[in-house]
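Taken together, the values in this text are just the output of simple stated rules run on the coordinates, not laboratory data. Being a predicted model, the structure only gives us computed values, none of them experimental. Here the Cβ is made from the backbone with ideal geometry for all residues, glycine too, and neighbour counts use every protein chain on show.
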Amino acid sequence: MDNIMLKIDNISKQYKLGLIGGTTLREELQRWSAKMQHKEDPTRKIGAKEYTQGETFLALDRVSFEVRRGERVGIIGHNGAGKSTLLKLISRITAPTCGDIWLNGRVASMLEVGTGFHGELTGRENIYMNGAILGMKKREIDSKIEDIIEFSECRQFIDTPVKRYSSGMYVKLAFSVAAHLDSEIMIMDEVLAVGDMAFQKKCLEKMSDVSKEEGRTILYVSHNMNTIRQLCDRCIVLDHGQIIYDGGPEEAISIYMGIRSNTSNRISLRDLIRDPEFSSHPVTMTALECLGTDKSIFDVGSSIDLQLDCISSKEIRDAYIRFIIKSPDGRPVTMMTTDRGVHLAASIEKHICLTLDVGTLVPGRYTISPVVYEVNELGSNVNLDGLKEVFCFDITPVPGFNNNMIWQPRFWGYFYSQPIIINKEYTDSAQQEELRVKDDADGED
């Protein structure tokens with residue numbers, strides 16, 4: 001049992017939406033007063049959903065696993081899968097709704113930039129404060145502080161209040177503290193994306209070293225599949241709050257890339273979680289369908305026929321569609337945009353048939369991230385709705401491709417961008433007739 005550092009036993013986390021909590025006292029009093037007078041919530045953002053009393057969201061659903069000493073475990077999954085919630089439970093920032101978490105040692109965590117730092121304290125003072133939180137004595141921190149400062153590359157600013165640090169300096173110092181102080185379990189949540197490439201490499205090497213040499217256990221969350229491959233010897237895939245795979249990194253990455261792929265050739269997009277920039281979007285992409293096939297496997301030199309369904313809360317004269325194609329390691333390969341704008345009528349679902357020319361894509365697995373946007377009067381693009389990696393497809397070689405040599409990822413030059421051709425756009429028949437009658441009436445006027 002001493003070899004087991006972390007045991008998660010059937011934990012679930014449920015959040016209550018729309019209840020008092022999470023804002024300032026003044027805002028809560030405003031909300032309470034408006035509710036008593038049967039008025040609209042004055043603190044709710046324009047266009048945001050108004051949750052009803054007692055509505056709940058299940059972020060984690062009966063999750064169980066064990067982590068042994070010295071293991072480097074990657075946790076991957078799409079946005080909203082429950083990764084950050086799981087790490088917050090392990091770090092004891094919040095408590096599970098049900099289930100048990102057993103820890104065998106101290107935890108050092110980096111869940112977001114600046115976590116655990118006090119802005120008014122200097123970098124040096126924050127090092128001592130974090131060490132004290134972990135239960136270390138001053139003489140223990142004294143013996144490590146020079147190594148921490150040297151690794152962080154912040155020596156010139158170490159006696160400056162950290163509120164003046166850039167986000168990159170925050171990450172460097174925070175990682176250095178977590179890596180050098182005496183903790184048996186390190187938890188990292190996508191924070192290395194802020195640092196520069198050289199420092200990211202340095203951090204990955206350090207995590208690998210402390211795991212092998214000191215026997216530390218590492219839990220690492222990232223959307224960068226290259227770092228997952230480099231660091232982790234085991235990987236857990238989360239989807240909608242549940243573990244769907246626990247095993248080798250390569251198989252986990254393959255499953256992660258194919259989560260949205262093709263139990264059906266039609267994918268519902270309406271209820272998928274959007275990034276904050278789309279939280280009050282006027283357009284909602286409702287579905288994406290692959291036409292003419294029930295599989296998502298295509299030969300080199302072929303094209304993909306898709307239908308994207310959208311509905312808008314207001315009339316938009318020229319809405320454009322942008323598809324970002326990403327490789328298996330999460331890097332964007334290219335971006336394709338529609339060759340003309342599409343008219344979206346208010347509250348009427350539009351079905352847009354598209355052809356993507358992927359003829360020059362090399363063999364491999366790819367994902368599509370769709371975005372709907374418009375061009376404003378100043379010529380700038382304004383995003384109306386967007387999702388990440390909702391559709392996954394494979395390109396397979398045809399006989400004779402590459403002189404029958406197996407294509408390796410290191411050969412990838414990807415391909416150049418080409419426009420997406422709109423073949424047809426239509427609304428449902430009843431809505432189409434309603435639009436025709438409206439247009440006729442407008443003509444008579």
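If you take the beta carbon distance between Glu146 and Asp100 as r and set R0 to 30 Å, what does 1/(1 + (r/R0)^6) give as a FRET efficiency, to the nearest 0.05?
Efficiency, rounded to the nearest 0.05: 0.15.
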Taking the simple approach of a point 7 Å from Cα along Cα-to-Cβ for both Asp61 and His118, what is their distance in nm? 4.3 nm
Rounded to whole Hz and in sequence order, give me ³J(HN,Hα) for the range 342-354 from the Karplus expression 6.51 cos²θ - 1.76 cosθ + 1.60, θ = phi - 60°, writing x for Gly and Pro. 10, 7, 10, 7, 5, 6, 10, 5, 10, 10, 10, 8, 10
For Glu425, placing the label point 7 angstrom along Cα-to-beta-carbon and taking the range 325-345, residues whose amide nitrogen sits under 16 Å are 337-345
Starting from 0 in steps of 10 Å, tell me what percent of the Cα-Cα pairs of the range 105-230 lands in each bin. 13, 49, 33, 5
Less than 12 Å Cβ to Cβ from Phe157, Lys/Arg counted +1 and Asp/Glu -1: what total charge do the surrounding residues give? +3
Order of 354-360, 171-177, 226-232, 380-386 by packing, highest average Cβ count within 10 Å first? 171-177, 226-232, 354-360, 380-386
Taking only the Cα atoms of the range 351-394, how large is their convex hull per residue, in Å³? 119 Å³
Using a Förster distance of 51 angstrom, determine the FRET efficiency expected from the C-beta separation of Leu291 and Ser33, and round it to 0.05. 0.45
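What order do you get for 311-321, 155-165 when each peptide is scored by the mean count of other beta carbon atoms within 10 Å, highest first?
Values: 311-321: 16.6, 155-165: 14.6.
Descending mean neighbour count gives 311-321, 155-165.
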Can you tell me what percent of all Cα-Cα pairs in the range 110-172 are more than 14 Å apart? 54 percent
Above 18 angstrom, tally the Cα pairs of the range 285-343 and express them as a % of all pairs, no decimals. 51 percent
Could you name the lysines in cross-link range of Lys144, using Cα to Cα under 22 Å and dropping any fewer than eight places away on the same chain? Lys172, Lys201, Lys202, Lys206, Lys212
Could you compute the net charge surrounding Leu121? Neighbours are other residues with a C-beta less than 12 Å from the C-beta of Leu121; K and R count +1, D and E count -1. 0
To the nearest whole percent, what portion of all C-alpha pairs in the range 172-247 is separated by more than 20 angstrom? 30 percent
